[in-house]
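Asks: Starting off with a structure, shown below.
The values are calculated or read from the model by the stated rules, or taken from the named source; none is laboratory data. The shown structure was predicted, so the numbers you read here are calculated from the model rather than taken from an experiment. Ideal geometry is used to build each Cβ from the backbone, glycine not excepted, and the neighbour counts take in all protein chains shown.
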Amino acid sequence: MPGYTGTTAATFPQTSKNRSLDGMVSELAQYSGGEDRPDVQDKARASILASIREFNQVYWTFNLVTQDHTLVAGTANYTLNSQFARQHRAQMVDSNSKTREEVEWIPWELWASKVPDQSDTGSTPLWYTGRNLHETGQITVDPVPAATLTYPTLRIFYFRWIDCPSSGSDHIECPSVVEAAIFDTAIYKFLSKVKGFRESRDAMGSALLSRAAVEREYRAFEDYYGA
C-alpha cells in the first residue's frame with residue numbers, strides 16, 4: 001500500500017521474545033531425560049554459557065551500539081555504557097544530529113608515537129583510542145577539549161559482546177535466529193558431556209550449519225568495518 005508506515009503495536013526489542021536461561025536449561029536437559037536432575041541442569045547451563053562465549057569469538061552487526069558524549073573542558077577520558085568488543089566509528093555531530101566530521105581511531109600501541117604531546121587543548125578531538133577497554137571501559141580523545149561542548153557532540157559506534165544471562169529469568173540479547181544457533185551449539189556441547197563425543201557428532205554438524213547461516217546475515221568482517 002503506497003505510503004503505508006505501519007500502525008501495529010510496537011514489538012521491539014525482539015530479544016524479549018527469546019527463551020529465558022532457565023527455559024533453555026530445561027529444554028536442553030530433556031535431551032538426556034534428566035530435566036529434574038540438578039547435575040544435568042548444571043551441565044546444560046554450562047553448555048549454554050560456553051556456546052555464548054564461543055559466539056563471542058567474532059563481532060556481530062546486531063551488537064553495534066552508539067553512545068553520545070558531551071565533551072567536558074580538560075577531560076580526555078570518557079566511559080562507555082556497555083561492554084566494548086571492537087571500535088567501529090566515531091563522529092562529531094551537531095545539534096541536529098548531522099555528521100560534521102570523523103574522529104580517527106588510533107590503536108593504543110601507536111598512540112604514544114603518533115600523538116606524543118597531549119598537553120595542548122583544542123576545539124574538537126581529532127583522534128581517539130582505548131587501552132585495556134575490557135577493564136576500564138574508557139576511551140581517550142585528543143586534543144583535549146578546551147571548553148565544555150554540548151555541541152558538537154562526540155558520537156561513538158562500537159561492537160559489544162553478547163552478554164551471558166546473569167539470572168535464570170534473563171534471556172540472551174540477540175535476534176531469535178541467533179539464539180536458536182547458540183542453542184544448537186549448546187546441544188552438541190551438552191551431549192558430549194552426558195553421552196559422549198560419538199553421540200554428539202550429528203548435533204555438531206547441525207550446529208555448524210546453523211552458525212554458518214547466521215554468520216552470513218550478521219557477522220561483521222573487518223574488511224567491511226574499518227579501524
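Asks: Does any residue in region 76-94 that is modelled with pLDDT under 90 come within less than 9 Å, Cβ to Cβ, of a residue that is of a type in the set (D, E, K, R) and part of a loop (DSSP other than H, G, I, E, B) six or more places away or on a different chain, and which pairs are these?
Replies: Close Cβ pairs (under 9 Å, with a partner that is of a type in the set (D, E, K, R) and part of a loop (DSSP other than H, G, I, E, B)) amount to SER82/ASP163; GLN83/ASP163.
Asks: Give the residue that is surrounded by the most Cβ atoms within 10 Å (Cβ to Cβ), with candidates limited to residues of region 202-227 that are among the charged types (D, E, K, R) and either closer than 30 Å to PHE157 by Cα or at pLDDT below 85 (or both).
Replies: ARG211
Asks: Give, as residue ranges, the helices (runs of 4 or more DSSP H) completely inside region 37-156 that count at least 2 residues that are out of contact with any His (no Cβ under 8 Å at 6 or more places or on another chain) and surrounded by 18 or more Cβ atoms within 10 Å (Cβ to Cβ).
Replies: Once the helices (runs of 4 or more DSSP H) in region 37-156 are filtered for at least 2 residues that are out of contact with any His (no Cβ under 8 Å at 6 or more places or on another chain) and surrounded by 18 or more Cβ atoms within 10 Å (Cβ to Cβ), what remains is 38-55.
Asks: List, please: which pairs have Cβ atoms under 9 Å, are six or more places apart or on different chains, and start with a residue in region 160-178 that is free of Cβ contacts under 8 Å to residues at least 12 places away in the same chain and end with one that is surrounded by 15 or more Cβ atoms within 10 Å (Cβ to Cβ)?
Replies: SER166/LEU21
Asks: Further, regarding this structure: If I filter region 166-183 for residues that are within 20 Å of ASP39 (Cα to Cα), out of contact with any strand residue (DSSP E or B) (no Cβ under 7 Å at 6 or more places or on another chain), surrounded by 19 or more Cβ atoms within 10 Å (Cβ to Cβ) and not polar (S, T, N, Q), do I get at least one hit?
Replies: yes
Asks: Moving to a separate point now. Just for region 26-36: of the residues that are assigned to a loop (DSSP other than H, G, I, E, B) and of a type outside the set (Ser, Thr, Tyr), which one is farthest from PHE190 (Cα to Cα)?
Replies: Restricting to residues being assigned to a loop (DSSP other than H, G, I, E, B) and of a type outside the set (Ser, Thr, Tyr), the top hit is ASP36.
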